[in-house]
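The values are calculated or read from the model by the stated rules, or taken from the named source; none is laboratory data. Because the structure is predicted, anything quoted here is derived from the model rather than measured. For neighbour counting, all protein chains shown are included, and Cβ atoms are generated from backbone atoms with ideal geometry for every residue, glycine included.
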Amino acid sequence: MSAFKNPPARRAAFGFSVLLAGLLAFSTCGPPPPGAGGGSGGMAATAPDVTLPLADGSGDVSLRGDGAGKVVLVDLWATWCVPCVAELPHLQELSESLPEEDFLMLGILLESGDADDVAPFIADKGLTYPNVMGSGEVRDSFGPFLGYPTKYLIDRDGNLVKRYLGAVGDILNEEIGKLIETGSLN
């Protein structure tokens, strides 16, 4: 007799499918928006030369200027994205644990309203690392966009060395530390 003619086996298979779909849904937030991506292939070779306004209105951050000579982790995120928000405490801890002269943590907010909408959210979450207001053009300048959250690791020379999709965890600490110490992930 086939397992799918057996009602308990069918319910178990259905339950497993629902569980798997749920796990995938919480690792990233949705498909890329229409037209997203920077062409075929992988990410851009170098970090884009962008200057963006801080979400709290206190100035601007230049990716190449403020990040010059540092390892930079760029987090493309949205306030409505559950995995993005869940990862914020880890990113805050990471930004506090590494010396400013070696590391820049930079959040780029997308699809979350204007600065007046997101500044209170950032303050409420206790984020002290720079968060800037982004756009689809900025998002696409890093290369093909696959979903929220997406992070890019940039070396001291401004080269994009790795893209992370979804909530990542402690591998960030390990790889950022290695890139700071050795200049390479190899």
Test set (1) charged (D, E, K, R); (2) farther than 29 Å from residue 182 by Cα; (3) modelled with pLDDT of 90 or more - residue 11 fails condition number: (3)
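Among the residues that make up the stretch 145-161, is at least one of them of a type in the set (Phe, Trp, Tyr), farther than 17 Å from residue 61 by Cα and out of contact with any Gly (no Cβ under 9 Å at 6 or more places or on another chain)?
No, the stretch 145-161 has no match at all.
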Selected residue (only one of 18, 82 is among the β-branched types (Val, Ile, Thr) and either under 14 Å from the mean Cα position of the chain (by Cα) or at pLDDT 50 or above (or both)): 82
Selected residue [of a type in the set (Gly, Ala, Ser) and within 23 Å of residue 55 (Cβ to Cβ)] from 143, 134: 134
Residues of the stretch 55-74 classified as touching a helix residue (DSSP H, G or I) at 6+ places or on another chain (Cβ under 6 Å) and under 12 Å from residue 134 (Cα atoms), total: 1
Total residues in the stretch 133-184, condition out of contact with any Asp or Glu (no Cβ under 6 Å at 6 or more places or on another chain), within 23 Å of residue 112 (Cβ to Cβ) and aliphatic (A, V, I, L, M): 8
Sole exception among (1) aliphatic (A, V, I, L, M); (2) crowded, with 19+ Cβ neighbours inside 10 Å; (3) in contact with a Pro (Cβ under 9 Å, 6 or more places away or on another chain) for residue 115, by number: (2)
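From the list 60, 75, pick out the single residue that is of a type in the set (Asp, Glu), at pLDDT 90 or above and within 18 Å of the chain's Cα centre (by Cα).
75
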